[in-house]
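Here the structure comes first, spelled out in structure tokens, and everything after it is commentary.
The values are calculated or read from the model by the stated rules, or taken from the named source; none is laboratory data. Please read all numbers here as calculations on a predicted model, not as lab measurements. Cβ: placed from backbone, ideal geometry, glycine included. Neighbour counts: every protein chain shown. SASA here: full protein model, heavy atoms, side chains in, ligands and nucleic acids out. Shrake-Rupley method; radii C 1.70, N 1.55, O 1.52, S 1.80 Å.
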Amino acid sequence: DMGGHDTYMHKEIVEQVEAVDRVLRGRIDDRFATVHLGGLNLDPGEARRVRRIKILGCGTSYHAGQIGAQLIEELARIPADAEPASEFRYRNPVVDPDTLYVAVSQSGETYDVLAAVQELKRKGARVLGIVNVVGSAIAREADGGTYVHAGPEVCVVSTKCFTNTVVAFALLALHLGRIRDLSVADGKRIIEGLRRLPGQIDEILKTEPEIKQLAKQYADARSMLFIGRVRGYPVAREASLKLKEVSYIHAEAYPASELKHGPLALIEPAMPTVAIVPDDDLLEKNRAALEEIKARSGRILAVAHQPQEKADHTIVVPKNEDELDPILMGIPLQLFAYHTALALGRDIDKPRNLAKSVTVE
Ligand code: M6R
């Protein structure tokens with residue numbers, strides 16, 4: 001049942017307001033400025049002994065894990081990184097007893113992620129799962145973890161599950177942070193930010209008519225570049241994946257800081273750039289990148305907290321706490337990918353050659 005929407009993708013994008021509300025519900029502890037995650041199965045002593053966190057997933061879940069790793073480093077000050085599960089399992093990784101492994105999967109059935117979890121467990125590692133489908137293979141195989149409570153996601157192109165997974169990582173990072181070095185004041189600040197998310201997502205969804213017009217203007221592009229820096233880079237990567245899988249327009253994501261080292265050669269009017277420009281300590285650096293692109297007659301669509309002078313168009317999103325901004329900045333680009341695909345007459349819920357869960361190697 002699509003509840004009045006023409007596709008599941010559209011329904012699931014709109015559902016993000018309630019989905020984010022659901023992942024937060026019942027978990028916030030205002031008294032200690034922290035969150036409780038029931039099934040984590042990691043006591044405070046163990047949480048303090050973790051020296052490193054390694055996040056494994058595929059596709060969109062891997063991108064959610066990249067933002068998750070940044071949140072963990074920022075809030076819990078534990079070195080963390082994300083890697084495609086498929087790469088990890090084929091490179092005979094060094095499995096370290098002080099590392100906490102986190103497997104991320106919407107379906108909980110992705111074979112490469114499951115196989116990575118099984119290999120890690122065989123080697124005695126501790127593995128948590130951040131999973132959407134309750135009782136799925138990865139959820140059962142993990143030592144503990146948390147469900148992301150996005151509700152059923154039918155469209156092959158993942159949207160609400162991405163957002164909820166990133167929010168679940170923010171909760172994990174806050175939880176670990178408050179056991180370690182995050183102050184009460186910062187804990188409160190993040191909690192307030194989390195509480196603002198559903199209302200802010202609602203605000204973003206109201207800009208859909210404007211995004212629809214923009215999508216029509218860019219739908220003739222053969223290729224698009226997506227750029228961002230630090231917090232904005234995984235947002236750019238995910239937005240680029242969204243666009244290519246649903247519209248079949250080639251898209252490539254690059255750190256804005258790497259432009260000069262190659263991709264600037266691609267810039268010309270026929271190669272538009274989508275730039276993630278949060279109002280944080282890297283704002284001036286990001287603006288400099290926009291100038292470089294404009295000087296070469298590149299078209300620019302910015303996603304930012306305030307209109308960008310060098311951009312041809314800016315989609316303005318509401319500001320949250322710096323650490324949580326990535327959760328919001330990808331949402332208008334889900335709508336952008338959707339409306340581009342719609343303008344091109346694509347099979348939105350079932351893009352060619354793709355399956356909802358990849359249960360083969
Ligand atoms: O079910 P999972 O989260 O494990 O799936 C992982 C990827 O196959 C999935 O995210 C894929 O990249 C989607 N088509 C992205 O929209």
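Can you give the accessible area per residue of the range 77-143, in Å², using a 1.4 Å probe? Working shown, then result.
Numbers: 2880 Å² over 67 residues.
Result: 43 Å² per residue.
Measuring with a 1.4 angstrom probe and ignoring ligands and nucleic acids, residue 32 comes out at about 110 Å² accessible.
Would you mind telling me the share, in percent, of accessible area of the chain contributed by carbon and sulfur at probe 1.4 angstrom? Exposed carbon and sulfur together represent 48 percent of the surface.
In the range 92-152, what is the volume of the convex hull around the alpha carbon atoms, normalised per residue and reported in Å³?
Numbers: hull volume 4.2 nm³, N = 61.
Each residue corresponds to 68 Å³ of Cα convex hull volume.
Residue-wise HN-Hα couplings along the range 255-268, as the Karplus relation 6.51 cos²θ - 1.76 cosθ + 1.60 with θ = phi - 60° gives them from phi, are x, 4, 5, 9, 3, 5, 8, x, x, 4, 5, 7, 5, 6 Hz; Gly and Pro carry x. Computed over the chain, the Cα gyration tensor eigenvalues convert (square root of 5λ each) into semi-axes of 32, 22, 20 Å, ordered from largest to smallest.
Between residue 29 and residue 268, how high is the FRET efficiency from 1/(1 + (r/R0)^6) when r is the Cβ-Cβ distance and R₀ = 41 Å? Nearest 0.05.
0.20
For residue 102, the amide hydrogen comes within under 5 Å of the amide hydrogens of 54, 55, 56, 128, counting only partners 5 or more places away or on other chains and with H modelled in the peptide plane. The three principal axes of the C-alpha atoms in the range 243-307 carry coordinate ranges of 34, 24, 19 Å, sorted with the longest axis first.
Across the range 331-337, rounded Karplus estimates of 3J(HN,Hα) from the backbone phi angles (6.51 cos²θ - 1.76 cosθ + 1.60, θ = phi - 60°) give 5, x, 7, 5, 5, 4, 4 Hz, Gly and Pro being marked x.
In nm, what is the difference between 0.36 nm times the number of residues separating residue 347 and residue 220 and their Cα-Cα distance? Walk me through the intermediate numbers first.
Values: separation 127, 0.36 × 127 = 45.72 nm, distance 1.74 nm.
Going from the current span to full extension adds 44.0 nm.
Translational diffusion coefficient of the range 1-148 (Stokes-Einstein, Kirkwood radius from Cα pairs, 20 °C, 1.002 mPa s): 132 µm²/s. A simple rule links phi to the HN-Hα coupling: the Karplus curve 6.51 cos²θ - 1.76 cosθ + 1.60 with θ = phi - 60°, which for the range 233-241 gives 5, x, 5, 5, 5, 5, 5, 5, 4 Hz, with x for Gly and Pro.
Annotation: amide H-H contacts under 5 Å for residue 274 (H modelled 1.01 Å from N, sequence separation of 5 or more, or interchain): 225, 226, 227, 301. Helix 160-179 and the longest principal axis of the C-alpha atoms of the chain enclose an angle of approximately 50°.
Please work out the C-alpha center-to-center distance from the range 1-45 to the range 263-333 and express it in whole Å. First find each Cα centre; the distance between them is then 28 Å.
Going through the cross-link list 188/242; 242/356; 294/319; 54/285, which pairs have a Cα-Cα distance over 22 Å in this structure?
Values: 188/242 33 Å; 242/356 14 Å; 294/319 25 Å; 54/285 29 Å.
Those over the limit are 188/242; 294/319; 54/285.
Would you please state which residues of the range 62-91 a label at residue 98 would reach in this model, taking the label point 7 Å out along Cα→Cβ and a backbone N cut-off of under 18 Å? Counting only backbone N, you get 73, 76-81.
When the trypsin sites (Lys or Arg not before Pro) in the range 201-303 are filtered for DSSP coil states and for at most 15 other beta-carbon atoms within 10 Å of their beta-carbon, the remaining sites are 206, 222, 296. Axis angle, to the nearest 10 degrees, between helix 111-122 and the longest C-alpha principal axis of the chain: 30 degrees.
Taking every Cα-Cα distance in the range 275-361 and sorting them into 5 Å bins starting at zero, the pair-distance distribution P(r) comes out as 3, 13, 19, 17, 14, 13, 11, 8, 3, 0 percent.
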